[in-house]
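The values are calculated or read from the model by the stated rules, or taken from the named source; none is laboratory data. Computed from a prediction, not measured in an experiment: that's the story for all the values here. A quick note on method: Cβ atoms are made from the backbone with ideal geometry, for glycine too, and the neighbour counts reach across all protein chains shown.
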Amino acid sequence: MTIPCRFIVNGSAVSGSFPPMRRLLDVLRGECGLTATKEGCGEGECGSCAVLLDDTLVNSCLVPIADVNGREVTTLEGLPKDDPLFAAFAATGGTQCGICTPGMIMAARALLNDCLRPDLSQTREALSGNLCRCTGYGGIYAAIRTASGQGE
Amino acid sequence: MYTSMHNDSRFGTTPLKDAPLRKDGMEKVRGTARYVADITYPGMLHAVTARTRLPGGTIASITFDDHVPWSEYVVVTARDIPGINAVKMIETDQPVLVETHYRHAGEPVVLIAHPDPQALADALAAVHIDERPYAKPPVFAIEEALRADTRRIAADNVYRDYLMEKGSVMDAEKESCQVFEAEYHTGAQEHLYIEPQGMMARMEGGILTVEGSLQCPYYVHAALMYATGLPEERVRVLQCATGGAFGGKEEYPSHIACHAALVTMKAGGRPVALIYGRGEDMAVTPKRHPSRSRVRLGASRDGRLRFIDIDFVIDGGAYLTLSPVVLSRGVIHAAGPYRCDNVRVRARAVATNHPPFGAFRGFGAPQSIFALEAALDELARMLEMEPDVLRRRNVLAPGDISPAGQRIEGPLDMQRVIGQALEACDYHAKVEAYRQWNAQKGAIRKGIGLATFYHGAGFTGNGELALRSRAGLRVGADGLVEILTSTTEMGQGMQTTLSGIVAEALRIPYEGVAVARPDTRDVPNSGPTVASRTCMVVGAILARAADDLIARLRADAALPSVYGYGEFRDACARLHAAGGVTTIIADYRHPAGNEWDESVFQGSPYASFAWACYVAEVEVDAVTGETRIVDFTAVQEVGRVVHATVAAGQIEGGVVQGIGYALFEDVRFGADGQMANNRITNYIIPTSADIPPIRVLFLESRHGAGPGGAAGIGELPMDGPAPAIINAINAALGTEIRHVPAMPEHILAAMDRRSA
């Protein structure tokens with residue numbers, strides 16, 4: 001069974017017929033060809049597939065495409081090219097192997113959208129749904145400080 | 001010396017050196033780096049693996065249900081293997097696909113592929129492997145494996161039995177000394193790289209081409225030749241962007257590569273993606289070896305170590321894989337960086353019916369160092385001596401001979417390393433303050449603990465000699481210098497570090513150096529990307545290649561003796577125009593005087609060590625057993641920091657993995673011997689909410705064998721956190737916790753034992 005779905009991805013309209021339980025993650029990576037969004041666990045634990053759904057951070061592996069109908073999705077590819085998080089993550093040690101980085105940047109973007117100058121405890125909490133096995137998180141905190149104009 | 005304090009709540013205290021941007025940074029933050037799961041080819045197949053379920057046995061038959069349209073599928077079994085049915089590693093005891101006999105649950109038996117990944121689950125369920133158990137029950141525990149009456153998995157169930165001996169423990173015991181004796185255990189640890197393993201294989205112009213997530217392209221290349229029977233020139237291996245590895249993508253990628261290759265060969269060369277889901281990855285791929293150490297320490301009343309006597313055993317699992325070399329590193333690090341005339345370390349790797357354990361950052365050293373460092377704190381308590389004083393009294397200094405018989409060369413100064421660590425965290429004041437605090441007997445107890453240790457860089461013993469690594473440089477007409485190496489980037493910053501080394505050696509800007517993609521058709525064999533060897537060993541080879549390149553440009557392209565970047569580029573253009581040789585390959589050179597006798601474990605096991613003192617501060621809830629690490633200090637003497645951000649990232653990331661090893665990461669095995677909690681939901685690694693401020697300080701005495709005096713640092717930070725944390729918990733509670741991970745229930749049980 002498939003159902004018709006229409007939604008916006010990074011500002012462009014997408015429409016098609018999908019099995020209702022098909023994961024948003026698969027539609028993004030497959031039909032939309034947006035491979036910045038990664039699959040790390042497939043069960044909502046690692047945050048590598050994090051995207052914004054109407055400005056709310058979600059794990060796209062847990063979102064059935066039926067729930068996306070009529071809504072707006074932003075992936076890493078849809079962030080403004082000059083989002084300060086990009087340069088900050090690259091410069092401060094916020095990325096190592098890079099597989100968690102797109103999801104981590106989306107979580108950081110969601111945080112900064114809510115809070116212009118987060119302190120460390122806000123940052124820790126906002127990132128606690130995104131696992132990084134390389135950095136020990138320190139470089140990621142530094143990136144968020146830098147991108148929010150608080151120095152490294 | 002400088003400090004990195006990214007993690008510190010005091011914002012703005014990060015005096016990192018001016019470090020150039022990491023080479024792979026932009027593609028990773030933009031999400032354009034191509035990992036294996038991001039690659040698609042027209043007409044590609046997706047493959048899955050049917051596996052054994054019993055912990056060892058024989059396969060009587062394999063049947064395929066009729067309701068599946070099998071003609072649409074590609075099905076591969078052991079009979080389809082054109083070469084030898086073994087995964088080439090140290091030995092060849094492990095089959096690529098099981099034909100009859102097998103040793104553990106989760107061994108691959110049948111591969112199934114289909115263009116539609118949705119069509120695989122039903123087909124997999126329609127494959128029936130009729131398994132027959134062996135008569136004797138499976139063996140999962142080290143002591144069971146060593147008993148004579150249990151199931152034999154390998155000869156005597158002992159893969160290797162090593163002895164490192166110096167002086168005479170027996171004679172030392174006859175002198176009057178205080179003896180402390182205890183047994184320590186460490187659990188398995190899952191790498192949990194965030195990108196699961198995967199490979200893509202295809203035939204391209206008669207050449208088997210395999211690309212994927214891997215650390216060691218030439219290991220995969222050798223395994224493919226062995227299993228397919230194809231000659232060297234018809235096998236090509238490329239690395240994709242690799243989403244973390246930590247040792248976990250050292251040996252297992254060879255298995256997946258062989259599987260994907262067999263499918264593509266049977267499918268007429270069609271591209272085949274074999275990508276593991278998280279659950280499969282965690283259930284079947286290797287983990288850190290569990291260990292058991294019996295430690296006996298003899299010391300004079302004033303705390304001088306008279307003897308160190310250790311019986312160290314690791315669980316190798318069902319096949320040999322890399323256990324011999326994990327074991328040898330464990331042996332050499334077991335007696336720590338201490339002065340002691342009488343040392344005996346007996347070490348064995350045993351066979352069990354667990355899936356094989358394998359390489360994981362630290363490679364045997366975290367296990368043996370944990371046991372020694374935890375025992376030293378208990379010895380200090382017995383001697384009524386402060387743990388830092390006991391260590392300062394025994395730690396190696398230049399001129400001393402290490403337990404393995406290596407003469408320690410200056411200018412490194414371990415006393416200074418310890419001093420910096422204690423000062424940075426205000427150790428002595430905290431010891432006193434926490435004693436007073438704990439005397440109140442409130443619900444929260446506080447403790448501070450330390451560990452001192454070193455970690456050898458490069459392959460153990462004569463390993464680097466045997467590898468005979470090669471790496472090179474290729475210069476373009478535009479002056480761009482490309483590094484040619486099979487060393488892989490897996491997040492550790494190899495592209496950045498090696499580019500910095502080459503730029504420095506060539507005296508050109510960092511931006512003028514790039515790293516060629518690891519591709520066995522294009523890059524020489526620089527050995528595997530393991531063992532903290534990249535900066536020190538491969539970096540040194542590349543620095544020599546750079547010298548050769550300058551000599552070539554001077555001789556053949558009139559490069560002036562003093563040159564700017566413009567003149568360098570002009571010379572490169574002239575070299576190209578003249579049709580000169582534009583690729584330089586250099587070979588490994590063994591440091592003079594570094595001899596090693598593997599038969600007695602004496603000599604110089606490593607060209608250099610990184611030295612460290614780590615301090616952990618904890619708060620333990622005496623009611624719930626929950627431990628919170630409130631502060632962590634990591635001071636290391638690394639010879640030289642080549643790239644500040646990369647080096648700090650290695651230490652911080654390693655410390656956090658070590659925190660997980662100490663407190664959270666509990667691999668539970670099911671009755672079949674496989675990891676039962678094989679999900680991120682129930683195998684817990686540290687999140688950003690779990691970690692303390694981590695203070696990272698480097699000392700740079702330039703003592704290392706690498707460029708500019710650098711030693712290797714990749715594995716070092718894995719060694720110290722577990723003992724420092726356990727020592728802090730034991731200090732807080734007065735307990736005798738002797739294993740990791742120390743989960744709340746273990747801590748409560750240890751408190752009960754203390755009360756009893």
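Need the failing condition index for residue B:583 against (1) in contact with a Lys or Arg (Cβ under 7 Å, 6 or more places away or on another chain); (2) without any contact (Cβ under 8 Å) to a residue 60 or more places away in the chain; (3) surrounded by fewer than 16 Cβ atoms within 10 Å (Cβ to Cβ), just the number.
It fails just one condition, (2).
Yes/no per residue for (1) among the acidic types (Asp, Glu); (2) more than 15 Å from residue B:129 (Cα to Cα); (3) in contact with a strand residue (DSSP E or B) (Cβ under 9 Å, 6 or more places away or on another chain); (4) within 13 Å of chain A (Cβ to nearest Cβ):
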{"residue": "B:30", "(1), (2), (3), (4)": "no, yes, no, yes"}
{"residue": "B:34", "(1), (2), (3), (4)": "no, yes, yes, yes"}
{"residue": "B:41", "(1), (2), (3), (4)": "no, yes, yes, no"}
{"residue": "B:58", "(1), (2), (3), (4)": "no, no, yes, no"}
{"residue": "B:63", "(1), (2), (3), (4)": "no, no, yes, no"}
{"residue": "B:71", "(1), (2), (3), (4)": "no, yes, no, no"}
{"residue": "B:76", "(1), (2), (3), (4)": "no, no, yes, no"}
{"residue": "B:83", "(1), (2), (3), (4)": "no, yes, no, no"}
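Hey, among B:592, B:555, which residue is at pLDDT 95 or above, out of contact with any Phe, Trp or Tyr (no Cβ under 6 Å at 6 or more places or on another chain) and among the small types (Gly, Ala, Ser)?
Numbers: B:592 fails: at pLDDT 95 or above.
The match here is B:555.
Please tell me if residue B:231 is under 29 Å from residue A:101 (Cβ atoms) and either touching a His at 6+ places or on another chain (Cβ under 7 Å) or away from chain A (no Cβ under 14 Å) (or both).
No: the conditions fail for residue B:231.
Looking only at residues in the stretch B:478-500 that are away from chain A (no Cβ under 14 Å) and touching a Leu at 6+ places or on another chain (Cβ under 8 Å), which one is farthest from residue B:525 (Cα to Cα)?
Here is the first cut: in the stretch B:478-500, the ones away from chain A (no Cβ under 14 Å) are B:478-487, B:498-500.
Of the ones still in play, those that are also touching a Leu at 6+ places or on another chain (Cβ under 8 Å) are B:481-485, B:487, B:498.
Values: B:481: 19, B:482: 16, B:483: 13, B:484: 9, B:485: 7, B:487: 8, B:498: 16 Å.
My answer is B:481.
Are any of the residues in the stretch B:488-495 within 25 Å of the chain's Cα centre (by Cα), at pLDDT 95 or above and in a helix (DSSP H, G or I)? Explain how you work it out, then say what you get.
Filtering the stretch B:488-495 for residues within 25 Å of the chain's Cα centre (by Cα) gives B:488-495.
From what is left, the residues that are at pLDDT 95 or above are B:488-495.
This time we only want the ones that are in a helix (DSSP H, G or I), so: B:494-495.
Checked the stretch B:488-495: at least one residue is within 25 Å of the chain's Cα centre (by Cα), at pLDDT 95 or above and in a helix (DSSP H, G or I).
Does any residue of the stretch B:496-510 turn out to be buried (at least 18 other Cβ atoms within 10 Å of the Cβ), in contact with a Lys or Arg (Cβ under 8 Å, 6 or more places away or on another chain), of a type outside the set (D, E, K, R) and closer than 23 Å to residue B:239 by Cα?
As a first pass, look at the stretch B:496-510 and keep what is buried (at least 18 other Cβ atoms within 10 Å of the Cβ): B:496-503, B:505-506, B:508.
Subset that is in contact with a Lys or Arg (Cβ under 8 Å, 6 or more places away or on another chain): B:496, B:499.
Remaining after also requiring of a type outside the set (D, E, K, R): B:496, B:499.
If we keep only those that are closer than 23 Å to residue B:239 by Cα too, we end up with B:496, B:499.
Yes, that holds for at least one residue.
Mind checking which helices (runs of 4 or more DSSP H) fall wholly inside the stretch B:118-217 and carry at least 2 residues that are surrounded by fewer than 15 Cβ atoms within 10 Å (Cβ to Cβ) and more than 14 Å from chain A (Cβ to nearest Cβ)?
Numbers: elements: B:120-125, B:142-146, B:169-174.
So the answer is B:120-125, B:169-174.
Of all the residues that make up the stretch B:713-736, how many are farther than 27 Å from residue B:648 by Cβ and of a type in the set (D, E, K, R)?
Residues of the stretch B:713-736 farther than 27 Å from residue B:648 by Cβ: B:730-736.
Okay, now just the ones that are also of a type in the set (D, E, K, R), so B:736.
Of the residues in the stretch B:713-736, 1 are farther than 27 Å from residue B:648 by Cβ and of a type in the set (D, E, K, R).
Count, please, the residues in the stretch B:662-689 that happen to be surrounded by fewer than 19 Cβ atoms within 10 Å (Cβ to Cβ) and of a type in the set (D, E, K, R).
2
Does the stretch A:9-28 contain at least one residue that is part of a helix (DSSP H, G or I), at the interface with another protein chain (Cβ under 9 Å from one of its Cβ atoms) and hydrophobic (A, V, I, L, M, F, W, C)? Can you show your working first?
The initial filter retains those residues of the stretch A:9-28 that are part of a helix (DSSP H, G or I), namely A:24-28.
From what's left, at the interface with another protein chain (Cβ under 9 Å from one of its Cβ atoms): none.
Checked the stretch A:9-28: no residue is part of a helix (DSSP H, G or I), at the interface with another protein chain (Cβ under 9 Å from one of its Cβ atoms) and hydrophobic (A, V, I, L, M, F, W, C).
Scan the stretch B:223-273 for residues that are in a helix (DSSP H, G or I) and among the aromatic types (Phe, Trp, Tyr) and jot them down.
Step one: of the stretch B:223-273, the residues in a helix (DSSP H, G or I) are B:223-228, B:232-234, B:252-266.
Correct list: B:226, B:252.
So residue B:258 clears everything in (1) within 14 Å of chain A (Cβ to nearest Cβ); (2) buried (at least 24 other Cβ atoms within 10 Å of the Cβ) except one condition, right? Which one?
So the condition that residue B:258 fails would be (1).
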